[in-house]
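Single-structure report; data block below.
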Amino acid sequence: MSDLQQKHPPGTSPLALWFRDTTGLTEERVQFRLRGNHLHILCEAQPCPDRGAIVGRLLPALRKVDLNTLVPAGQPTIYQIYLYGRRPGQSLPDWSFSIDLHQLDYQLQQFLGEQLLAEESPESSSQRGGQLATVSAGSRSVSKVGFGGLLSGDSRSDLSGNRSVEGDAALSGSTLGLARQGHPGAIREATPAGIARYLSDHLSSFGISVRATVKPLRLAPGPDPDAAPEPPPQRLWVLCEANYSLDSSLLAEPLAQHLRDLRLEGFRDAVVRVQVAGESQPDWMLQVDLTPPDAMLREWARWGDVGSLTRLLNPVLEMLEGEVSTATLRDSTLHLFCSPLPQSSLAPHPPDRAAVKAGVGAVLQSIAPQGIHAATVYGQVLHQETPAWVEWLDLPASQQPHLADSTLTLAQRGDWGAIAFLLNRLLNPDLTQQLATGGIRVQLLPKPDGSVSSDAPTHAQRYLLHVMSDAPVCPDQRRVGTTVVRFLRDLNLPQLAGVRVYGRRAGQKWPLWSYGVDFAPRSRVVPEPAPEFAATDAYVGDLLTPGGDLILRSDADLQTVWQRWCDRLSASIRRALVKTHLFAPTEDAPADDSSEAWRSDGRSYRNGALAAVWGAAGLLLAVQADWHLARLLQQPEQTTQPDRFVAVDEVPSLALPPSRNPSATAAEAGADDGRFPPGALRKSPSPEPQTEGDRIFDLSGFTRNEEAEGESSTPNPSPSPEVQISSRSLPYTPVSATEPQTVAEVLAAGLPFPTFNSRQLDEKLMLYYERLRQTGNPPDVLIVGSSRALRGVDPVALQRELATLGYADVSVFNFGVNGATAQVVDAILRQVLKPNQLPRLILWADGARAFNSGAVDVTYNGIAVSPAYRELLAGTLARPQVLPEDFETPAEPAEPTPTLNTTLRDSYQTLDRWLSRQLGDRSAVFGQRDRLKDALQQRVRPESPSAVSAAPPPGRSPMPSRLPADSAESLVEAGRDLIDFDGFLPLALRFNPATYYQEYARVQGRYDGDYTDFRIEGVQAAAFQSVLRLASDRNIPVIFINLPLTDEYLDPVRRQHEQTFRQYLLREDLDSPSLVFRDLGEIWLDQYDYFSDPSHLNRYGAFAVSRRIAQDPMIPWSYARGK
């Protein structure tokens, strides 16, 4: 947006003086802004300036003055004016009015009619819409409302034909509508100004100004110089300027579609130059093929394309009130099923037999499709499969030999035109999209392969085929390259030695990528250069130059010298590597002294010696690395003051709840015997007690509020507005003071069986078994899912809200596991938990990425190879007896019948575990591998300002970052104390985009590993169906909650995958009686206080979600009612 008053003092520019003099606004404040080709004028006064007086004076004056002469030189041409009126201090205008400078007569008549209606009946005038346009809140664009949509795209014209269209007005939005309604001459007589004005209607809202010019093209001389000259085609040049750099991937396709929508006649193509205003060189250029859609369809239909034939036949049949309902090609016969239009008067009857036969026959005879010998036309009645009549048509291919073969047959014989057509259709499966934007265009350039002499006979010649693909947006290399190579390989052309595929944006000279495959061995002395492809071969003087023949240069050429030097260098490096005896020459390597000496000696002896030497070196390196890493993990001994133990609340942690201070006796006793009491952490030695001014965190474990911050003697930088919000402003479930200690005691006891290779799954099983042991019954509601469920559903909040709604004594447990997919949930419900440990209702809270069958399921793969899972499949896993019925009927594991394969596999696994255990016992680091991983992460990635281990105040010793890995307190210190006894992870952090992305990278959806090759069908969908079958067999409802996400996370790629996931679950909801799907994915797109990061809820969001789903009437909570 440019300021038109920048070259003049306020109110003294020619435009401002003319506007004030015309409207009589001498004292009012007037501002002018030019955005693209639209001029915005804001009138501000108290009271608000009168709309009728300003518009009534301005419309007649604009008919006499060319407004573009009043703006500074170099500014874009003005096509529309937007007037606004408001009072001082307001953010939105009281009224707005749009003026099209090429529709002044029509708008003046409409305005005068409005004024007459207002004078006759003020009340009815206000009811009819009053203002012609209003500005929507929070937007700079004008939404045309009121007065029957007077200023909308198709309403600017007089459909009765009484109003004349002036000169350059042929291509306004209304004229395009007239052309599509059948008015002749609306577009074929377009002028550059009209074209620019039409494009500006779509681009000015983005601040893009448009100018257009037309230049004739120079035709290449024809074969017959005496022939009558044809009118030269024209090229449309379009210049788009903006104050910022425009992204070609976002603008190219819409520009191509708008230009092709014009359906200009006499134009071959259009060249669009996009640049920043004031610069001489364009940022990028785009070439748009303006070939009319009918001409493109006829060209494709000539090759026998069924879709193109159908589109060409439908206009003919529409005149007979019919259409082609189905068209298929079998062998060499085209089958056309014709039925009447649903809204026509012939709907109860089939189309007229003679008329359809004549119309279809005329079209097919004029096209003469390749390889289609006959056509069978069927006349049908709507909703009836049996045709009412059948007609047979012979086509030219049945009589003309050069049309007899199909397009595929011609391609298999090496017809380059047929190959180009088939590749074009293969790369453009959507015919509508290709007609709208031009699609991906394919050009072929076969060149003789230099490995065969040019004097060889024709059948012995071999070609290297160069394929150029271009489109408004550069085609994808992986899709286009592999598709072209696979198609050409299937053709099995004997003369094709290889293919080189290139991709570029239409209008570029050089390709952006290249891809090549050789179908036969090729040897060349000189590297082959990439050819240049012209935009079209129909004329010269184009943007690009056509590629010439490949020139083979002599041995004295510079490239040959360079190649020989590279060969000598390669031989020298090869000899040096062979002499080290670390590398052996291949069989096809050039023979030299070093390779011959290697081959003559005893190779087996040398191989064994080298393997022994390097094996010993590797073992020594591993021992040294283990020793150095063990020294790195050693903590300095504290000799100045013995360690003492404090309660959990003395550790500055963002998520630790308030707890009571333990007695001094218990602390001293724990210090004397060297053991950690349950739920306690080691406190670093400090020479002075911590004062209130030194505290970074308050007694509740959370950051201090503004009042406490203000009382501190040490000034701190003011936090962001999100941080300043008090935690009391949003409700949440407080954590019990003794709960972290209870959880730590349960987790310290460990599982009675081996691990599942998932620390969190092991911990959830410990908590779940302890809960079953205490209550004697499984929970009524079991929450399952990934980390989004772990953080996103609060069991206590859900239980309390259900109690207020009449569902008392409903117990809830959160079994969410980090990284859990549908496969992990299926394994937990069907295999890990016993049938008598299942709940009455399953609440599955997650999203699309847990159902991606195309990504690698790391969590499930780790569980599948774990020792516990192997014992579970073998029936030997000793699961604890925690329910009363377990003691009544103890389960005896079935002894599987050993086989040879099973014995060998078990023996190998036993030996592997024994070796791992022996090496682990002798390693100084293996037992502390978790500490090593954290230490390396701390060295590589510095901690954030919001981290728990904040820098200590002056005068205090730093707190130790880790605790012994085998202590109960290490569970608390590692962050697992955040999980409460109900399995919930209550995080208090609030997501702030302004600070979050300063520490963490913003990952786009196309690079997110969770969405790699996104598809639901596969292992995850099968696991989901397995869970539904289990729930149906046991009469357990499955409630799937699609948890909320932020708009910072939902970019276009992720939003598309989430939409696919929602559609999948909606279909499953209709098909499965045991499933209920509730979608909360986009309810809090900008409510960042409910999130801890872009895709995970915090404790405030979990509290709100729990209350929301508890109040959902679509969820059958009656199944969860306690006995």
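Each reported figure results from applying straightforward, stated rules to the coordinates on display, with no laboratory input. What you see is a predicted model; the values in this text were computed from it and never measured. In this analysis, Cβ positions are derived from the backbone assuming ideal geometry, glycine residues included, and neighbour counts consider all displayed protein chains.
Couple of notes before you dig in:
- Where labels lie 7 Å past Cα in the beta-carbon direction, separation of Asp921 and Thr775 in nm: 4.2 nm
- In this calculation the C-beta distance from Thr26 to Thr191 is compared with R0 = 41 Å, giving a FRET efficiency of 0.60.
- Val865-Thr409 FRET efficiency (beta carbon distance; Förster radius 35 Å; 0.05 resolution): 0.10
- Spread of Cα-to-Cα distances over 10 Å intervals beginning at zero, given as percent, for segment 408-518: 14, 45, 30, 9, 1
- Taken one residue at a time, the phi angles of segment 731-736 give Karplus couplings (6.51, -1.76, 1.60, θ = phi - 60°) of x, 7, 8, x, 8, 4 Hz. Gly and Pro are set to x.
- Taking amide hydrogens as placed 1.01 Å from N in the peptide plane, the amide H of Trp513 sits under 5 Å from those of Gly503, each at least 5 positions away in sequence or on another chain.
- Compactness of segment 979-1064 was expressed as the Cα radius of gyration divided by 2.2 N^0.38 Å, which yields 1.42.
- Cα centroid of segment 1047-1123 to Cα centroid of segment 820-878, whole Å: 21 Å
- Panel order for Leu426, Leu496, Leu877, Leu620, by other beta carbons found within 10 Å of each beta carbon, from fewest to most: Leu620, Leu426, Leu877, Leu496.
- Sorting 986-992, 240-246 by their mean Cβ neighbour count within 10 Å, with the most densely packed peptide first, gives 986-992, 240-246.
- Residues Arg870, Arg840, Arg631, sorted so that the one with the fewest Cβ neighbours within 10 Å comes first: Arg631, Arg870, Arg840
- Annotation: peptides 462-474, 427-439, 823-835, ranked by per-residue average of other Cβ atoms within 10 Å with the highest first, follow the order 462-474, 823-835, 427-439.
- Binning the C-alpha pair distances of segment 294-403 at 10 Å intervals from 0 yields a P(r) profile of 15, 50, 28, 6, 0 %, listed from the shortest bin outward.
- Computed about the Cα centre, the dipole magnitude for segment 294-403 is approximately 140 debye when only Lys and Arg (+1) and Asp and Glu (-1) carry charge, each at its Cβ.
- FRET efficiency for the Gln90 to Ser345 pair, using the beta carbon distance and R₀ = 51 Å, is estimated at 0.35.
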